[in-house]
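For reference, the structure discussed in these notes is given below.
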Amino acid sequence: MSELKLDPNKEYTLMLVKPDGYHRGLVGKILARVEQKGYVIVALRVAEATDDELQDHYEEHRGKHFFES
């Protein structure tokens with residue numbers, strides 16, 4: 001995968017589509033709406049978080065009643 005070179009003088013926004021949107025086939029519609037608003041998409045990536053990455057990301061919720069599920 002080639003490294004993306006970003007212009008440090010421009011603002012960028014990270015947009016994530018949650019797994020349910022991906023599995024429901026809504027990514028195309030979401031991207032179309034983003035472009036209709038005038039945003040330019042400079043990169044796309046599909047990734048699935050590992051269990052370790054998810055554990056790290058949700059560390060602050062460890063021990064709460066909903067965490068294990």
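The values are calculated or read from the model by the stated rules, or taken from the named source; none is laboratory data. Quick caveat: nothing in here was measured; it's all calculated off a predicted structure. Counting neighbours? That spans all protein chains shown, and the Cβs are built from the backbone with ideal geometry, glycine included. For accessibility, only protein heavy atoms count, side chains too; no ligands or nucleic acids. Shrake-Rupley method; radii C 1.70, N 1.55, O 1.52, S 1.80 Å.
Taking 7 Å steps out from each Cα toward its Cβ at Phe67 and Met15 produces label points 3.4 nm apart. Looking at the chain, the accessible area is 104 square angstrom per residue; that uses a 1.4 Å probe and ignores ligands, DNA and RNA. Simple point charges give the picture: +1 on the Cβ of Lys and Arg, -1 on the Cβ of Asp and Glu, and for the chain a dipole about the Cα centre of about 560 debye. Within the accessible surface of the chain, defined with a 1.4 Å probe on protein heavy atoms only, the carbon and sulfur portion equals 51 percent. For Lys10, give me every one of the lysines with a C-alpha distance below 18 angstrom, ignoring sequence neighbours fewer than eight places off in its own chain. Here the lysines satisfying the reach criterion relative to Lys10 are Lys37. Each helix, a run of at least 4 DSSP H residues, gives -39500 (n - 2.57); summed and divided by the residues of the chain, these come to -8000 deg cm²/dmol at 222 nm.
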